[in-house]
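Have a look at the structure below before the remarks.
The values are calculated or read from the model by the stated rules, or taken from the named source; none is laboratory data. Bear in mind that the values here come from a model prediction, so they are computed numbers and not experimental data. Here the Cβ positions follow ideal geometry from the backbone for every residue, glycine too, while neighbour counts run over all protein chains shown. These accessible areas exclude ligands, DNA and RNA; they are computed on the full protein's heavy atoms, side chains included. Shrake-Rupley method; radii C 1.70, N 1.55, O 1.52, S 1.80 Å.
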Amino acid sequence: MPKYNLQINGSQKTVETESDTPLLYVLRDYLELNGPKFGCGLSQCGACMVLIDGVAETSCSTPIAAVRDSKITTLEGLADQNGNLHPVQEAFIEEQAAQCGYCLNGMVMASVSLLQENPSPTTSEIKEGLELNLCRCCAQTRIIKAVQRAAKNL
Amino acid sequence: MIELPNTSRRKFLRNIGYLSVGFPLISSCFAEQEQKIAERKNFYGDLPGSIRNANAVNAWLQVLEDGRVLIFSGKVELGQGIRMAICQVAAEELDLELDQVEVHLAETGVTPDEGYTAGSGSVPNSAMSVRYAAATARQKLLELASEKLNTTIENLIFYHGTVKTKSGSQSLNFAEILNGAQIDMEVKKPIPVKVSSDYQYVGKAIPRKDIPKMVRGESVYIQDLRFPGMLHARVLRPPSYQAKLIDIDFSNLGTSVAGILKTHVNGSFVGVIAEREYQAVKAVNFLKRVAKWEETTALPNEAALFDHLKSIAEPAQTIRNEGNFSSVNPENKTFKASYTKPYLMHGSIGPGCGIALFDDEILHVWSHSQGIYPMRRALAAMLKMDEDKIHVTSVPGAGCFGHSTADDAAADAAILALAYPGKHIRVQWSRQDEHTWEPYGTAMIMEMEASLDENGKISAWKSDVWTDSHSMRPDSDPATLIDASYLENPVQLRGRGYLGGGHRNADPYYSFPNLQVNAHFFDGPLRISSLRSLGSYANIFAIESFMDELASQAGKDPIDFRIAHLQDQRAIATLKKIKEITQSEPLEVNEGIGFAFSRYKNNTAYCTVAAKVNVNQKSGEIILQKMWAVGDVGQIINLDGIKNQFEGGVIQAASWTLFEQVHFTKKVIRSEDWNDYPIFRFPMIPEVEVHMIDRPEEKAEGGGEVSMPPTGAAIANAIFQAIGKRVNDLPITAEKIVG
Ligand code: FES
Ligand code: FES
């Protein structure tokens, strides 16, 4: 089985797996990370999002062989070295922007990515930026508030 | 009495001599301030069903070694924040700080059997049981402390986990008072409970403790559980409901997919266990190609579904009959309207997951089921095992909104764990299986008829409802679990569950002199069970759309018209409040605001919803701009929690109303993923504003389902206000607007 050297949350990891294993399964099953979630495996819901070189992407449809030397950041890797949460994470807590929270990983990752590109998005830009991310508990109005709050605190 | 396998508690009971030495952890803050002593009043009302079934204090509450309190609840966390609500109630009665309370949610053999976590029943049942148990415990702790400290009860106060004398000179924490014992007395009325005006926590917007964990990516969900040596399994579901396995050739599986440890066939049940999760995914995809099935599924034509449902319905049952519907004055104007609702999905964002381990004696199961005790009964019946040999622990999953696939995934894991003992077997469902095999909320037909007298008041009303069951939750009938129908000796469903959910809220809450409600039950073509708010969503959609139509026929303002038919001041208050907050909302051409009201189950919480829409008459495009909800759940436990539930309910029901419908062919469910079954995405999300009317003296009701029923009709009525068109068939799509 091929070996892959990955850069995950600032450290180097080696994983031995089949080349078609999606990144999501590598992160959850091999590296035991909890952030990225399985929701659809079809790039339709955003639950599995991670940052690939700083941009939010679905990890369920990216085979490990395609990752190469990209830098992967998961939810666990957003806090700084002293354990301080990213302003987006803080904002989600302050706004209590979750019910079950299963979608929250994707929401946070997509928001971090959005705010990097557009530090002061309008409400409709936030909505567009999160279009791929589904939330069945329907915490969307709070999630929008959380992104607005994070934009202020960044 | 319940058994107590929790080791730390056992240890506590054993080691009491050592432990009673004391814990100085909080004593330092004693003298800080003279605490106000909260007033208490005796409670003589009805005790909730949950505590009547488990009425010893220690079934609900135990004191830990360090004097903190551990609460047991048989309910599960579904994202509704029940853990925090229970924590608030317990901390309130015992004057604890919130982090001095731990809450242990459903586990067989540990927590009380509280059935299902459903029907907005967790606060009135579980949280209230905890309140009465905690208040009883408080009284007992006072008595014991007064003996130990040799002082009167009047001279004692509770302070952050200790009972101290008023002067502060002596104090004991709860563990010291109990000296190793637990309080096993019965919870009996009268129970001295804190008066609501002295509440510190209850009614406040207290942040949940689990959200920081979620945000950090800590282990929260069943999907995050990892046991040493755990293996991954998948089940190959049949291609359609009635398919039977004829043949499956495993010979090339091992060479095509690495890591396969076991395949297991039992009747039409096919499972595969692998070392790694993605190997199991690939294995099941491989098996899909080589399995041969005999297919006899024959679903009705989707386009003629409602005719079909009427044709298979049993004779009508009259649910309510007051006055005489047919006797109304022939001079009155009569009106009729018919409404339909398609099959709807729960559509959890996280598909079902179950983990099981058979250790050669006990089958351990981890599940996000809404009812672990009832599920255990179903598992025991399906597996022909003793219930005592199955131990189920509840672990949160993604929000499920009723009976979805959690129990089925647990059953899959249980079957495979028995076939491969000694290892934790984790089964994760795919998105496609989740979409096509979950038990939907049934399709329904509602026909309404009413007559208006010369003063524009309703003199007679008739509701006819065609519905399948809304309650096929696993319990003693194993056939409620999918697997039971596909094993070698398949079992047939024994019955159609509780049917009352179908006509829930079909009898209007308004007072009409003549009222008739008829239910026409059918055994429909698709798998169904409980979906959030059961029949209420469809019934209130029909009733409140019809009320709106009658108001305009009578030439009355829709809110005044409703108020004129209501007697309950709490109901009226929600309508008045919504009028007040929406009346200055500006409206442009093709925009309208619609209203709808309901009291959930006609005897719990109240909600009035307003919706503002903009409709493009040419394209039919509907933009839902804003929604308002005014709620009254009686006494509020957690203000932010209840608002969150209301907001979520309004948006989810709006998604049902505008987008959702399960599609099927003659054989299979066609709605296989989020492209075939669209739900709300961010760009369409309306602004939502929730106002709660707090009534601290009224009974606390749950809020999980309350805001959903009025939402559909509020949107339909807003569309009518905007463009003068009524759409009575859900979902309300652009085609129906222009059609
Ligand atoms: S799991 Fe990757 S987008 Fe849904
Ligand atoms: S909070 Fe449950 S899916 Fe978003």
FRET efficiency (B:I248, B:S311; Cβ distance; R0 35 Å; to 0.05) is 0.40
Rounded to whole Å², per residue accessible area for chain B with a 1.4 Å probe reads 36
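If contacts are Cα pairs under 8 angstrom and at least 6 residues apart, what is the relative contact order of chain B in percent? Could the numbers behind the result be given before it?
Details: 1701 pairs, mean separation 100.3, N = 739.
Contact order relative to length: 14 percent.
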Calculated from DSSP helices alone, with each H run of at least 4 adding -39500 (n - 2.57) and the total divided by the residues of the protein assembly as shown, [θ]222 nm to the nearest 500 comes to -8500 deg cm²/dmol
Buried accessible area between A and B, both sides, 1.4 Å probe, in Å² rounded to 100, is 5000
Rounded to whole angstrom, the alpha-carbon centroid of region B:60-124 lies from that of region A:1-69 at a distance of 37
Once the in-chain neighbours fewer than 8 apart are removed, the aspartates and glutamates whose Cα is under 13 Å from B:K189 read B:D46
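Using only alpha carbon pairs under 8 Å that are at least six residues apart, calculate the relative contact order of region A:3-77 and give it in whole percent.
Working: 149 pairs, mean separation 29.0, N = 75.
Relative CO of region A:3-77 lands at 39 percent.
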Each label sits 7 Å from Cα toward the beta-carbon; between B:R289 and B:D676 the label points are separated, in nm, by 2.0
Here the whole-number average of other chain Cβ atoms within 10 Å per Cβ of A:38-48 is 6
At the level of C-alpha centres, the distance separating region B:575-608 and region B:439-518, in angstrom, is 26
Under the Karplus relation with 6.51, -1.76 and 1.60 and θ = phi - 60°, whole-Hz ³J(HN,Hα) for region B:574-591, x at Gly and Pro, equal 5, 5, 5, 5, 5, 5, 4, 7, 9, 5, 9, 5, x, 10, 9, 4, 6, 10
For the table B:K41/B:K204; B:K618/B:K666; B:K75/B:K579; B:K148/B:K188; B:K457/B:K618, the rows whose alpha-carbon distance is greater than 31 Å are B:K618/B:K666; B:K75/B:K579; B:K457/B:K618
By the Cα gyration tensor axes a ≥ b ≥ c (a/c under 1.5 gives rounded; else a/b larger than b/c gives prolate, otherwise oblate), the shape of region B:531-738 is oblate
Where a ≥ b ≥ c are root eigenvalues of the Cα gyration tensor, a/c under 1.5 meaning rounded, otherwise prolate if a/b exceeds b/c and oblate otherwise, chain B counts as oblate
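For region A:87-153, what does the accessible surface come to per residue with a 1.4 Å probe? Please give it in Å². If you can, show how the numbers build up before the last one.
Values: 2120 Å² over 67 residues.
Result: 32 Å² per residue.
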Partner shielding of B:217-225, taken as the mean number of other chain Cβ atoms within 10 Å, equals 5
Relative contact order in percent for chain A (Cα pairs under 8 Å, 6+ apart) equals 23
Carbon plus sulfur, as percent of the 1.4 Å-probe accessible area of region B:531-738, comes to 46
Everything considered on the Cα gyration tensor (a ≥ b ≥ c; rounded for a/c under 1.5, else prolate if a/b is larger than b/c, else oblate), the protein assembly as shown must be described as rounded
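Heavy atoms only, probe 1.4 Å: what % of the accessible area of region A:3-77 goes to carbon and sulfur, would you let me know? Don't jump to the answer; show the numbers that get you there.
Numbers: 1170 of 2770 Å².
Its accessible area is 42 percent carbon and sulfur atoms.
Other chains' Cβ within 10 Å of A:29-35 residues: what's the mean?
Numbers: counts 10, 3, 0, 3, 2, 12, 6.
Neighbouring Cβ atoms belonging to other protein chains average 5 per residue here.
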